[in-house]
Amino acid sequence: MENLTNNKQKIKSYIIKNTFKNSNNILDSTLLFQEGYFDSMGFALLLEFIEEEFKVSPSDDELIEENFESIDAIAGFVSRKKTAE
Amino acid sequence: MSIQKKEKFSTEILNIKDIGQLIDKITEKLQNDVQKVLHRFGGVIGISGGVDSSVTLALSALALGSDNVLGIMLPEHDSNPESETLARKLADKFKVKSIKEEVTGALEGFKCYERRDKAVKQIFPEYDPTTYKMKIGVKESGLYSLLPPVFSLTIITPSGEEKSKRLPVNEYRQIVAASNFKQRSRMSMLYYHAERLHFAVIGTPNKHEVDQGFFVKYGDGGADVMPIGMLYKTQVYQIAKHLGIPQEIIDRTPTTDTYTAEQTQEEFFYQLPFDKMDLLWYAFENNYSPGEVSPVMNLSEKDIRAIFSNFQRKIKSTEYLRMSPVRDY
């Protein structure tokens, strides 16, 4: 549980730093792609961040909204991948 | 004030009702823009043997007179030789003078190929540019998802085997930045001839290329006037047929002609065939609801909502390409 909260914080910090958005506007449930936080390049950078920070490599089949649409979704995806290892 | 009733959405909505009248409107404006706004004697056009540059050349010849138009073929090492043959045929048909300016030497000077190939080798160490081919692209299915597409790199071995990998950001950016030397070198050459002749550079991007950002800033996006910049691709084809553009050009699949491996524009960027893309973009731009569009396009409302979101994202993320230098300080 502590890990999940910690991971969410890391993802949120990454997003704030790299999208120049106001930190007050982003919640764990904010729909990042619907709200225009990331374009193609931003998404590719986010994937690289996830790989480096959490040592998790998403496969092409895993690049779906359910896994990346929000901080909640990303943290959940990372946690599931870690458990599966 | 009269309120115009919105036309019911249908697959015929983009059919040009009076092509002759539209051509007159474009050519009158083009003549006015070149002569009275830009104060130039004529126009130079980069011709690739594709339908967009062909229609642009034909419209320019009508607007400015064949003698006041120069078509320039700008091949480089990776260009398909068919492009030059078709471009020459087009210029002959419209009695426009054409010249060829090979830009390979300039690109070697910029180390365009070397910089690109270095990035490709980071991903596929076995890649040998003298025997392998390469391209980058996105998956079609991506358009139905709210997630932006992720680019992959494909190499084709001498025996024809294809290998693909997701492109890391640094290598992606280096391949694109190096390849963009091609469009920017062409733009420099077009302006050389334009200035030499006191002509304008007539740009060839169509509506999708401009709106969705499928052009290189200060490359093929570098021009003085873009006479087909408001036309959907299927409308460009309608005009091409009306103007008598050679059938081989009309039948040719639009390619990027940028990478060594054959690659369609659909595969590289649009993710949809042009007939569908045009209708969906029109619907999006004119605020048709997913409910109105769904039965016509035979797509679910959910898919249409996702496609519209993708369009919105493309406009937003490519805004930078359409911006002039910011100077309101």
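Selection of the range B:309-329 for residues being more than 11 Å from chain A (Cβ to nearest Cβ) and of a type outside the set (Val, Ile, Thr) yields B:311, B:321, B:322, B:323, B:324, B:325, B:327, B:328, B:329.
Residue check: residue A:74 meets all listed conditions (1) assigned to a helix (DSSP H, G or I); (2) within 10 Å of chain B (Cβ to nearest Cβ); (3) within 12 Å of the chain's Cα centre (by Cα); (4) not aromatic (Phe, Trp, Tyr) but one, namely (2). Do we find a residue being under 19 Å from residue B:317 (Cβ atoms), more than 13 Å from chain B (Cβ to nearest Cβ), surrounded by 12 or more Cβ atoms within 10 Å (Cβ to Cβ) and touching a residue at least 40 places away in the same chain (Cβ under 8 Å) anywhere in the range A:32-55? Within the range A:32-55, not a single residue is under 19 Å from residue B:317 (Cβ atoms), more than 13 Å from chain B (Cβ to nearest Cβ), surrounded by 12 or more Cβ atoms within 10 Å (Cβ to Cβ) and touching a residue at least 40 places away in the same chain (Cβ under 8 Å).
Just so you know, in the range B:162-183 the residues that are of a type in the set (D, E, K, R) and surrounded by fewer than 21 Cβ atoms within 10 Å (Cβ to Cβ) include one that is nearest to the chain's Cα centre (by Cα), and it is B:173. Would you call residue B:62 modelled with pLDDT of 95 or more, touching a Leu at 6+ places or on another chain (Cβ under 9 Å) and crowded, with 20+ Cβ neighbours inside 10 Å? For residue B:62, the condition - modelled with pLDDT of 95 or more, touching a Leu at 6+ places or on another chain (Cβ under 9 Å) and crowded, with 20+ Cβ neighbours inside 10 Å - is not met.
Of the candidates A:65, A:69, the single residue that is within 12 Å of another protein chain (Cβ to nearest Cβ) and surrounded by fewer than 18 Cβ atoms within 10 Å (Cβ to Cβ) is A:65.
Mind telling me which of the residues B:5, B:25 ends up being within 24 Å of the chain's Cα centre (by Cα), surrounded by fewer than 12 Cβ atoms within 10 Å (Cβ to Cβ) and not β-branched (Val, Ile, Thr)? Unique residue meeting the criteria: B:25.
Given the condition part of a loop (DSSP other than H, G, I, E, B), touching a helix residue (DSSP H, G or I) at 6+ places or on another chain (Cβ under 6 Å) and not acidic (Asp, Glu), answer yes or no: does some residue in the range B:111-126 qualify? No. The residue that is farthest from the other protein chains (Cβ to nearest Cβ), counting only those in the range B:116-154 that are surrounded by fewer than 15 Cβ atoms within 10 Å (Cβ to Cβ), hydroxyl-bearing (Ser, Thr, Tyr) and more than 23 Å from residue A:47 (Cα to Cα), is B:130. Looking across the range B:284-312, the residues that are within 12 Å of residue B:145 (Cα to Cα) and either without any contact (Cβ under 8 Å) to a residue 40 or more places away in the chain or in contact with a helix residue (DSSP H, G or I) (Cβ under 7 Å, 6 or more places away or on another chain) (or both) come down to B:302, B:303, B:304, B:305, B:306, B:307, B:308, B:310, B:311. Checking every residue in the range B:175-183 against the condition of being assigned to a strand (DSSP E or B) and either at pLDDT 95 or above or over 26 Å from residue B:311 (Cα atoms) (or both) gives zero matches. Residues that are more than 12 Å from chain A (Cβ to nearest Cβ), in a strand (DSSP E or B) and among the β-branched types (Val, Ile, Thr) occur in the range B:155-169; there is at least one. If you check residue B:203 against the conditions, is it modelled with pLDDT of 90 or more, crowded, with 18+ Cβ neighbours inside 10 Å, touching a Phe, Trp or Tyr at 6+ places or on another chain (Cβ under 7 Å) and assigned by TED's automatic domain parsing to the domain that holds residue B:72? For residue B:203, the condition - modelled with pLDDT of 90 or more, crowded, with 18+ Cβ neighbours inside 10 Å, touching a Phe, Trp or Tyr at 6+ places or on another chain (Cβ under 7 Å) and assigned by TED's automatic domain parsing to the domain that holds residue B:72 - is not met. Those helices (runs of 4 or more DSSP H) of the range B:259-329 in which at least 2 residues are more than 29 Å from residue B:50 (Cβ to Cβ) and charged (D, E, K, R), considering only elements entirely within it, cover B:301-317. One residue alone among B:202, B:228 is aliphatic (A, V, I, L, M), touching a residue at least 12 places away in the same chain (Cβ under 8 Å) and touching a strand residue (DSSP E or B) at 6+ places or on another chain (Cβ under 8 Å), and that residue is B:202.
The values are calculated or read from the model by the stated rules, or taken from the named source; none is laboratory data. Computed from a predicted model, the values in this text were never measured in an experiment. Don't worry about glycine lacking a Cβ; one is built from the backbone with ideal geometry, like all the others, and counts go over all protein chains shown.
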